[in-house]
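The values are calculated or read from the model by the stated rules, or taken from the named source; none is laboratory data. Computed from a prediction, not measured in an experiment: that's the story for all the values here. Note that each Cβ is placed from the backbone with ideal geometry, even for glycine, and that neighbours are counted across all protein chains shown.
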Amino acid sequence: MRVYNTLSGKKEELKTLNPHKVGIYVCGPTTYNYIHLGNARPLVVFDTVRRYLEYKGYEVNYVLNFTDVDDKIINRARQEGQEAIELAAHYIDEYFQDADALNIKRAQVHPRVSQHIPEIIEAVEGLIDKGFAYETEGDVYFRVKAFKDYGKLSGRSLDEMLAGARVEIDERKEEAVDFALWKAAKEGEPFWESPWGQGRPGWHIECSVMSIKYLGETFDIHGGGSDLIFPHHENEIAQAEALSGKTFVNYWMHNGFITVNNEKMSKSLGNFFILRDILEKYSADVVRFYLIATHYRSPLDFDDGKLEEARKALGRLQNTLLLADEYTRGYIEESQEVEGKGLLFLNSVIELENKFVQAMDDDFNTAKAIGFLFEMSHNINAFLAEVDRDSVSERNAVLRAMKVFSSLGDILGIFMEKTKNEEEMAEKILEIFAGVRQLARKEKEFQLADEIREFLNDLEVTIEDTANGSRFRYSGNIELPILVEKLIELRSRFKKEKKKNYDRADFLRDTLQAGGIILEDTREGVRWKLADA
RNA sequence: GGGCGGGUGGCGAAGAGGCUAACGCUGUGGUCUGCAAAAUCACCAUUCACCGGUUCGAAUCCGGUCCCGCCCUCCA
């Protein structure tokens, strides 16, 4: 498979150090705030990269760090009257909540700067010993001029940078481009003891040190947002290669930005959207789908309409899951037999699976791969529409096709939807029962009203009629499906009554829909599903 | 100013020398249907920012022009 390498500017055949293993280091967030949608893009992108490599049979060693020692954290902590490390630790916890909600798989290691100070000091000493760094007044700087390959990742030359010097000149530095490896502590700042006095690590050194510690002096893939190319990753290379004398990373991968009105979404511009708020309105599946429906290196513009479109599009794919499940429910493949029409269909699915894999093999082209997923969905739906329900071969074909379809969706992490809101939903449905019962009582159909009461009583829900309506009392869990099935039964009864009570049937359907449950009448019966797909 | 990446239908987005320019959203018409929804079938870019060139052949390669974004300062 091929991967676009920022270092060479082209797609290259992926050759890992160890044929069946791959080491990946991704720059994680600086934890002084909740993560926003822009932060979520690399998380989802590299989670998808990881899942795909696992699907291809690689043993993936995935490392995602937290920068928990940093100026922004210190400032924020000072504002809030808190210890910097505590503040950072708090937002690391919050990070995990968000990442878990987005179905990001945990890394093998989540190293933190604060827990690697001795290793960092050792690395800085090593750089000084080799002449790549120098100390002044408790600060230690990297001597950029000493590292001949400086600029190779970002495509700039040292000479130009020395000449361009837009960087503020600091008298204590030999050259404007030199960057801090260790910063002396100012009054009131957190610090650690070091050979150069009390201080803390500079911004870039932690990633060099921690990635080498967990993945080795040379490893396969290093990822992050494209704004990290310079200076962060450039500096990581300088530090690591100066120290080890070896190639630091073989493949550099960088994701593009999320923009809002064609402006970069960023904390400094203030045009960011907190992931947590978005996840209140849209499921993790939808957010992931939105993020990977565009190739990871392209910019991605954000507005509410985009998520809405993603929701609808993904809904089509998830609907196929539902349709197929309905058709094969309770059926277990009893023989290998697939032939004739079924075989033809299955082959078309397998062909699309191969195309999907080819697309992913070409620098993780999720956008193209998703296109094939839609074609597959289309094929499956069409087959289902005219399937012979008694044919063992055709049922087997559907079962196998679904296995393929859902496993591809799982690589992308877009079929994870859990029915998490079921409890809330159950409460809404109880309200609907109350509504129907109220209606029945008004029309003096006490038989129906009583039937509903008994049904609910059986579920240990008691109804009490008062002058202003009904109230219920219940304890414990209520099974949502039982409630919905009962409503469906009532509704079909209304439809069959002599006077064809469609008004009442539609009332039920409409209120269910308003409550988030969609009913569909089909030849095989009524189908229901939760609206928020 | 320097470095990097872009400009494809109403919108989003693949395609990187040669099949009808994927796929999704939106829209239109048909089938199904008490209605609705879903599903299904069909239609919706003679053209890929612009101008030249290379080639039997270019959205794709080369040169120029015009726009746009990112980085060069903390940012995913």
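Of the helices (runs of 4 or more DSSP H) lying entirely inside region A:1-102, those containing at least 1 residues that are within 26 Å of A:Ala369 (Cα to Cα) and away from RNA strand B (no atom under 15 Å from the Cβ) span A:37-55, A:84-101.
Conditions (1) in contact with a Leu (Cβ under 9 Å, 6 or more places away or on another chain); (2) surrounded by fewer than 21 Cβ atoms within 10 Å (Cβ to Cβ); (3) within 24 Å of A:Ser283 (Cα to Cα), marked per residue:
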| site | (1), (2), (3) |
| --- | --- |
| A:Ser335 | no, yes, no |
| A:Val338 | yes, no, no |
| A:Gln358 | no, yes, no |
| A:Asp362 | no, yes, no |
| A:Lys368 | no, yes, yes |
| A:Glu386 | no, yes, no |
| A:Ser393 | yes, yes, no |
| A:Ile414 | yes, no, yes |
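Conditions (1) in a helix (DSSP H, G or I); (2) in contact with a strand residue (DSSP E or B) (Cβ under 8 Å, 6 or more places away or on another chain); (3) within 14 Å of RNA strand B (Cβ to nearest atom), marked per residue:
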site: A:Met360; (1), (2), (3): yes, no, yes
site: A:Asn379; (1), (2), (3): yes, no, yes
site: A:Glu394; (1), (2), (3): yes, no, no
site: A:Ala397; (1), (2), (3): yes, no, no
site: A:Ser407; (1), (2), (3): yes, no, no
site: A:Phe433; (1), (2), (3): yes, no, no
site: A:Gln447; (1), (2), (3): yes, no, no
site: A:Glu454; (1), (2), (3): yes, no, no
site: A:Asn457; (1), (2), (3): yes, yes, no
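When restricted to residues that are of a type in the set (D, E, K, R) and farther than 21 Å from A:Lys148 by Cα, region A:222-259 contains 1. Residues in region A:309-318: is at least one without any contact (Cβ under 8 Å) to a residue 60 or more places away in the chain and more than 19 Å from A:Phe415 (Cβ to Cβ)? So far as region A:309-318 goes, no, none of its residues is without any contact (Cβ under 8 Å) to a residue 60 or more places away in the chain and more than 19 Å from A:Phe415 (Cβ to Cβ).
Exactly one residue out of A:Arg297, A:Arg276, A:Arg288, A:Arg316 is over 17 Å from the mean Cα position of the chain (by Cα) and of a type in the set (D, E, K, R): that is A:Arg316. Scanning region A:108-138 for residues that are among the acidic types (Asp, Glu), within 20 Å of A:Lys173 (Cβ to Cβ) and touching a helix residue (DSSP H, G or I) at 6+ places or on another chain (Cβ under 8 Å) yields a single hit, A:Glu135. Any residue that is modelled with pLDDT under 95, under 24 Å from A:Phe302 (Cβ atoms) and of a type in the set (Lys, Arg) - is there at least one of those in region A:68-83? Taking every residue of region A:68-83 in turn, at least one turns out to be modelled with pLDDT under 95, under 24 Å from A:Phe302 (Cβ atoms) and of a type in the set (Lys, Arg). A:Ile128 meets all of the listed conditions (1) modelled with pLDDT of 95 or more; (2) within 16 Å of RNA strand B (Cβ to nearest atom); (3) more than 28 Å from the chain's Cα centre (by Cα) but one, namely (2).
Yes/no matrix, rows are residues, columns are (1) small (Gly, Ala, Ser); (2) under 26 Å from A:Ile517 (Cα atoms); (3) in contact with a helix residue (DSSP H, G or I) (Cβ under 7 Å, 6 or more places away or on another chain):
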{"site": "A:Gly371", "(1), (2), (3)": "yes, no, no"}
{"site": "A:Ala382", "(1), (2), (3)": "yes, yes, no"}
{"site": "A:Arg395", "(1), (2), (3)": "no, no, yes"}
{"site": "A:Met402", "(1), (2), (3)": "no, yes, yes"}
